[in-house]
Amino acid sequence: PGAPRRRLSAALVVGEFVLALTALGGAGLAVNSLVRLQQVDAGVSEEGLLVAQVTIPEARYPEGEPIDAFFDGVMRRVEQLPGVTSVAVSMAVPPHRLVMHNPYTPEGKTYAPGESAPVAEELLVSAHYFRTLGIPLRRGRVFTDADRYGAQRVAIVNETFARRAFPGEDALGKWIQTGEPNPDAQRLTIVGIAPDVKYKGLDAKPEPTIYVPYKQALWWRTMYLIVETEGDPLAQADGVRSAVAAVDPQVALREIKTMERLIGESVSEPRYRAMLLSVFGLLALLLAGAGIYGVVSYTVNQRRRETGVRLALGASSGDVMRLVIRDGMRLGVVGIAIGLGLALV
């Protein structure tokens, strides 16, 4: 009965090593992914930016001029605060606060009945959005206050959109339509090409993105107020609250955070997974080591008579020690070999 018990114990120790190394391999991959994720460029400036969410009630702000008057009033007041260098509003902000996708039809493209149009990320932004977030246009122009309701409809698209919608062509000056395919829909002329920016997480692949002046689509009532500052962005939080309250005391700011914090929060889940896998892997490795110690100790106790005979026949204590260590090492090597194989897979 001793031999089967020893084999069972040995098999359990090997299994512990296999599980431990597999867990450590997963932890290593998670940590590597986290490190690479933290090095990803969100496409915007991180320093000196304060971001806050503002929602105005539909009952007091119907579509059109009232919405424009509120956000214009807030931005003008915030711009006057000492230490503020630029202000903008947008319906979404990087790196993971995307709100809307919309189908689009590029110039020269028609769809067969039942064919689905491609989808792009769509953002309503104010004139200073690109300057405030430090997004340099590749070509074309940024929006201005003249891009408002009643003026020619315009859009800025990212490089991924330009490549997919107009392969081998220059997208600048072309027109697009948004929404479900409709030949009579309003056309938006592309006036600028922007670099790709992360709006669905740092680990997301670049997607086609359309930027539209919010003054040409005055129907969205939840905006992110983005404030560029010279010093600590959070030091401007009280001033920004006061500016909003001066325009409408019944409207409050939500989620007042720095851009650095927003980007840090976007990797909080991968960071937690990496930490959890690392802890489990180390605990499993400790248990495997304790298992080898227990098996070796049990084996030595069971083989005391054999050890005495070896010593009586002239074996040295070093020979006996090497025998014991060899048995323990054999279990470790087998477990490590299988565990590393599974970890590689």
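The values are calculated or read from the model by the stated rules, or taken from the named source; none is laboratory data. The structure displayed is predicted, hence computed values, not measured ones. Cβ sites come from the backbone with ideal geometry, for glycine too, and all protein chains shown count toward neighbours. What goes into the accessible areas is simple: the full protein's heavy atoms, side chains included, and nothing from ligands, DNA or RNA. Shrake-Rupley method; radii C 1.70, N 1.55, O 1.52, S 1.80 Å.
Identify which of Arg131, Arg148, Arg310 has the largest mean-square fluctuation in a Gaussian network model of the chain, with springs joining Cα atoms closer than 10 Å.
Arg310
Using the Kirkwood radius built from alpha carbon pairs, what does the Stokes-Einstein equation give as D for segment 229-274 at 20 °C and 1.002 mPa s, in µm² per second?
The calculation lands on 170 µm²/s.
So how do 13-22, 278-287 stack up, highest first, on mean other-Cβ count within 10 Å?
13-22, 278-287
If each DSSP helix of 4+ residues adds -39,500 (n - 2.57) and the sum is divided by the residues in the chain, what number results at 222 nm, nearest 500 deg cm²/dmol?
Mean residue ellipticity, 222 nm, calculated: -15000 deg cm²/dmol.
How far is helix 65-79 tilted off the main Cα axis of the chain, in degrees rounded to 10, range 0 to 90?
Value to nearest ten degrees: 70.
Provide the packing ranking of 136-144, 87-95, i.e. peptides ordered by the mean count of other C-beta atoms within 10 Å per residue, highest first.
Taking the mean over residues of other Cβ atoms within 10 Å, the ranking is 87-95, 136-144.
Using unit Cβ charges (K, R positive; D, E negative) and no other charged atoms, how large, in debye to the nearest 20, is the dipole of segment 23-101 about its Cα centre?
Magnitude of the dipole: close to 280 debye.
Identify which of Leu202, Leu50, Leu311 has the largest mean-square fluctuation in a Gaussian network model of the chain, with springs joining Cα atoms closer than 10 Å.
Leu311
Determine how large the accessible area of Met275 is when every protein chain is in place; take a 1.4 Å probe and give Å² rounded to the nearest 10.
110
Could you tell me which of Tyr298, Gln80, Ala185 has its Cα farthest along the dipole of the chain towards the positive end, charges placed at Cβ (Lys, Arg +1; Asp, Glu -1), taken about the Cα centre?
About the Cα centre, the residue reaching furthest to the positive side is Tyr298.
In nanometres, what is the gap between the two model label sites at Asn102 and Arg164, each 7 Å from Cα along Cα-to-Cβ?
So the two model labels end up 1.6 nm from each other.
On each of the three principal axes of the Cα atoms of the chain, give max minus min coordinate, whole Å, ordered largest first.
Each principal axis gives a Cα extent; for the chain these are 105, 54, 36 Å.
Along the Cα→Cβ direction, 7 angstrom out, place labels at Leu81 and Tyr272. What is the inter-label distance in nm?
The modelled label-to-label distance comes out at 3.0 nm.
May I ask you to list the trypsin sites (Lys or Arg not before Pro) in segment 216-309 that are in a DSSP loop and have at most 10 other Cβ atoms within 10 Å of their Cβ?
Counting only loop positions with at most 10 other Cβ atoms within 10 Å, none of the trypsin sites (Lys or Arg not before Pro) in segment 216-309 qualifies.
Restricting the count to DSSP beta bridges whose residues both fall in the chain, what percent are antiparallel, rounded to a multiple of 5?
The antiparallel fraction comes to roughly 75 percent.
Show me the three semi-axes of the equivalent ellipsoid for segment 179-286, from the C-alpha gyration tensor (sqrt of 5 times each eigenvalue), largest first, rounded to whole Å.
Equivalent-ellipsoid dimensions as semi-axes: 36, 27, 13 Å.
For segment 110-146 and segment 23-74, what is the separation of their C-alpha centers, rounded to whole Å?
Computed from Cα coordinates, the inter-centre distance equals 17 Å.
With unit charges on the beta carbons (Lys and Arg positive, Asp and Glu negative) and the dipole taken about the Cα centre of segment 225-345, which residue among Leu313, Val247, Val279 sits farthest to the positive side?
Positive-most Cα among the choices belongs to Leu313.
Give the lysines reachable from Lys198 as a straight Cα distance under 22 Å; neighbours fewer than 8 places away on the same chain don't count.
Lys257
Cα to Cα, under 15 Å, and not fewer than 8 places away if on the same chain: which aspartates and glutamates meet these conditions relative to Lys215?
Glu63, Glu65, Asp68, Asp72, Glu122, Asp145, Asp147
Among 105-115, 61-71, how do they line up by average Cβ neighbours within 10 Å per residue, starting with the highest?
61-71, 105-115
Using only Cα atoms, find the angle between the long axis of helix 268-302 and the longest principal axis of the chain, and express it within 0 to 90 degrees, rounded to the nearest 10.
That helix lies at roughly 0 degrees to the long axis.
Sequence gap at least 6, Cα distance under 8 Å: using those rules, report the relative contact order of the chain to the nearest whole percent.
It comes to 34 percent, rounded to a whole number.
Rounding to the nearest 10 and keeping the result within 0 to 90°, find how far the Cα-based axis of helix 237-247 lies from the longest principal axis of the chain.
30
If you place +1 on the Cβ of every Lys and Arg and -1 on the Cβ of every Asp and Glu, how big does the dipole about the Cα centre of the chain come out, in debye to the nearest 20?
That gives a dipole near 2180 debye.
Return the single residue from Gly318, Gly332, Gly150 with maximal mean-square fluctuation; model: Gaussian network over the chain, springs between Cα atoms under 10 Å.
So, out of Gly318, Gly332, Gly150, the one fluctuating most is Gly318.
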